[in-house]
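Down below is the structure, laid out as structure tokens.
The values are calculated or read from the model by the stated rules, or taken from the named source; none is laboratory data. Predicted, not measured: the structure shown is a model, and the values here were computed from it. Cβ: placed from backbone, ideal geometry, glycine included. Neighbour counts: every protein chain shown.
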Amino acid sequence: MSLRLSSRLDAVKPSITMAVTAKAKQLAASGVDVVSFGAGEPDFDTPEHIKAAAREGLDRGVAKYTPVDGIPALRKAVAAELSGAHGIDVTPEQVIVSCGAKHSLYNIMMAMVGPGDEIVIPAPYWVSYPEMVRLAGGTPVIVETTADSGFTPTAEQLRAAITPRTKAVILNTPSNPTGAIYSRAALEALAEVVLSTDDVWVIADDIYRSLVYGGAEYTSFASLSPAAAARTILVDGVSKSYAMTGWRIGYTAGPVQLVKAMAKIQGQSTSGASHIAQVAAVAALTGPQECVAQMRAAFDERRQAMVRLLNAIPEVSCREPMGAFYAFPDVSAYVGRRTPEGSVLEDDVALASYLVEAGKIAIVPGSGFGAPGFARLSYACSMADIEKGLGRLGEALATLSHT
């Protein structure tokens with residue numbers, strides 16, 4: 001007997017990031033020494049004061065169902081933190097807590113997007129953006145950028161991409177996968193285009209805003225003007241800045257109408273996020289912040305080492321990332337080359353597959369991010385792994401010959 005699955009899955013691609021990470025873990029589980037630059041996950045432990053708050057919560061009996069939109073203490077903490085970070089007034093009623101920022105984004109799409117609706121997405125993009133739009137029945141409209149442009153779309157490109165069917169534009173700064181940061185001038189130019197429309201929103205994915213390096217500055221789209229703030233839907237969470245990926249706490253701040261719609265969806269799917277994880281998130285947002293600065297300093301050191309080592313590999317070029325914890329080198333010179341066994345690596349996916357099998361190094365091919373010929377490498381790992389892994393990368397690429 002065959003099982004007929006929903007047609008909504010027909011246009012959706014599996015996460016290439018998760019696939020690469022799973023392959024690396026599979027090899028490691030079988031005893032193979034693989035250096036993985038795949039997953040965007042800090043290698044640090046969750047800070048002690050956050051874990052202590054969770055332990056104390058358990059001692060108090062915190063392990064119950066919560067309100068669908070989050071416990072009041074966390075919504076209050078989120079509203080206060082976002083208000084300070086973006087220079088705007090966010091109230092707890094405008095906040096909904098979800099099971100990670102990915103869940104937040106998914107619920108936004110389900111609440112806003114329907115058949116015929118369009119969401120503008122600059123490329124390179126996080127792999128899940130277009131797939132979430134498709135799952136909601138909408139159409140992702142991709143705006144291409146280049147390394148030379150700083151991986152930032154121009155106002156002219158955005159204006160050309162917007163149609164009467166456009167619901168929103170997704171802006172991710174600092175960016176996953178490129179590590180690029182939108183300058184204030186770039187955001188102001190994009191804001192002028194958005195505000196010239198009657199009803200186009202900006203979904204601001206700011207999950208990496210605390211991880212900025214080298215004198216660069218994060219600028220909030222919502223902080224540009226009251227008019228820009230009124231069109232902004234903020235998405236954030238504790239996973240990256242506080243090494244809390246597995247706690248699964250993300251949140252959205254936006255118009256109350258949207259928050260209520262998201263709560264309706266969440267109430268019929270996951271219900272509220274984990275109670276104990278929400279208690280831990282309160283401690284993260286309201287407790288000491290030195291841990292964030294310490295992790296950021298370590299990431300910065302690793303960032304510099306990774307970029308230096310990547311650019312030392314012949315025919316590999318890597319623009320300096322100024323935020324998040326990813327490098328995004330151009331490896332297109334090696335696409336189309338032949339392996340020692342005689343196989344031709346037709347695309348970056350084949351190249352990544354060869355590297356994990358022959359070089360024992362896992363990277364994520366750029367095509368999954370809308371940038372064929374590039375690769376994403378996370379430096380949220382030890383310096384020893386960066387040095388060993390990039391040494392292996394250079395050696396494996398050197399084995400490839402021109403066809």
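Annotation for region 58-67: at least one member residue is assigned to a helix (DSSP H, G or I) and either exposed (fewer than 14 other Cβ atoms within 10 Å of the Cβ) or touching a residue at least 12 places away in the same chain (Cβ under 8 Å) (or both). Scanning region 74-92 finds one or more residues that are surrounded by fewer than 22 Cβ atoms within 10 Å (Cβ to Cβ), more than 23 Å from Lys167 (Cα to Cα) and of a type in the set (Asp, Glu). So which of Val279, Val259, Val292 is in a helix (DSSP H, G or I), touching a strand residue (DSSP E or B) at 6+ places or on another chain (Cβ under 9 Å) and in contact (Cβ under 8 Å) with a residue 12 or more places away in the chain? Going through Val279, Val259, Val292 in turn, just one is in a helix (DSSP H, G or I), touching a strand residue (DSSP E or B) at 6+ places or on another chain (Cβ under 9 Å) and in contact (Cβ under 8 Å) with a residue 12 or more places away in the chain: Val259. The conditions are (1) over 24 Å from Pro174 (Cα atoms); (2) out of contact with any Pro (no Cβ under 6 Å at 6 or more places or on another chain), and Val90 fails exactly one of them. Which is it? Evaluating Val90 over (1) over 24 Å from Pro174 (Cα atoms); (2) out of contact with any Pro (no Cβ under 6 Å at 6 or more places or on another chain) leaves (1) as the failure. Which is out of contact with any Pro (no Cβ under 7 Å at 6 or more places or on another chain), within 23 Å of Met306 (Cβ to Cβ) and surrounded by fewer than 21 Cβ atoms within 10 Å (Cβ to Cβ), of Gly246, Gly214? Unique residue meeting the criteria: Gly214. Answer yes if at least one residue in region 333-350 is aliphatic (A, V, I, L, M) and modelled with pLDDT under 95, and no otherwise. Checked region 333-350: at least one residue is aliphatic (A, V, I, L, M) and modelled with pLDDT under 95. Which condition breaks for Ala77 when tested against (1) within 30 Å of Gly368 (Cβ to Cβ); (2) at pLDDT 95 or above; (3) not basic (Lys, Arg)? In the conditions (1) within 30 Å of Gly368 (Cβ to Cβ); (2) at pLDDT 95 or above; (3) not basic (Lys, Arg), Ala77 misses (1) alone. Exactly one residue out of Arg337, Arg319, Arg303 is of a type in the set (D, E, K, R), within 14 Å of His402 (Cα to Cα) and crowded, with 17+ Cβ neighbours inside 10 Å, and it is Arg337.
Look through region 361-401, keep the residues that are charged (D, E, K, R) and over 20 Å from the mean Cα position of the chain (by Cα), and return whichever of them is nearest to Phe44 (Cα to Cα). Working first, answer last.
Pass one, region 361-401, residues charged (D, E, K, R): 376, 385, 387-388, 392, 395.
From the residues that got through so far, the ones that are over 20 Å from the mean Cα position of the chain (by Cα) too are 385, 387-388, 392, 395.
On the way: Asp385: 14, Glu387: 18, Lys388: 19, Arg392: 24, Glu395: 29 Å.
Restricting to residues being charged (D, E, K, R) and over 20 Å from the mean Cα position of the chain (by Cα), the top hit is Asp385.
Restricting Lys76, Lys13, Lys23 to those that are in the same structural domain as Ser175 (by TED's automatic domain parsing) and either without any contact (Cβ under 8 Å) to a residue 40 or more places away in the chain or within 21 Å of the chain's Cα centre (by Cα) (or both) reduces the list to Lys76. Here Ala160, Ala111, Ala147, Ala168 are screened, and the one residue that is touching a residue at least 24 places away in the same chain (Cβ under 8 Å), more than 30 Å from Gln266 (Cβ to Cβ) and either of a type in the set (Gly, Ala, Ser) or assigned to a strand (DSSP E or B) (or both) is Ala147. Glu346 meets all of the listed conditions (1) among the charged types (D, E, K, R); (2) under 19 Å from Ser317 (Cβ atoms); (3) in a loop (DSSP other than H, G, I, E, B) but one, namely (2).
Please work out which residue is surrounded by the fewest Cβ atoms within 10 Å (Cβ to Cβ), limiting yourself to region 117-127 and to residues that are modelled with pLDDT of 95 or more and under 27 Å from Ala39 (Cα atoms). Among those residues, the one meeting the criterion is Ala123. One residue alone among Arg184, Arg159 is under 23 Å from the mean Cα position of the chain (by Cα), at pLDDT 95 or above and farther than 26 Å from Gly366 by Cβ, and that residue is Arg184.
State yes or no: is Gly57 outside the structural domain of Glu357 (by TED's automatic domain parsing), touching a helix residue (DSSP H, G or I) at 6+ places or on another chain (Cβ under 9 Å) and on the phi > 0 side of the Ramachandran plot? For Gly57, the condition - outside the structural domain of Glu357 (by TED's automatic domain parsing), touching a helix residue (DSSP H, G or I) at 6+ places or on another chain (Cβ under 9 Å) and on the phi > 0 side of the Ramachandran plot - is not met.
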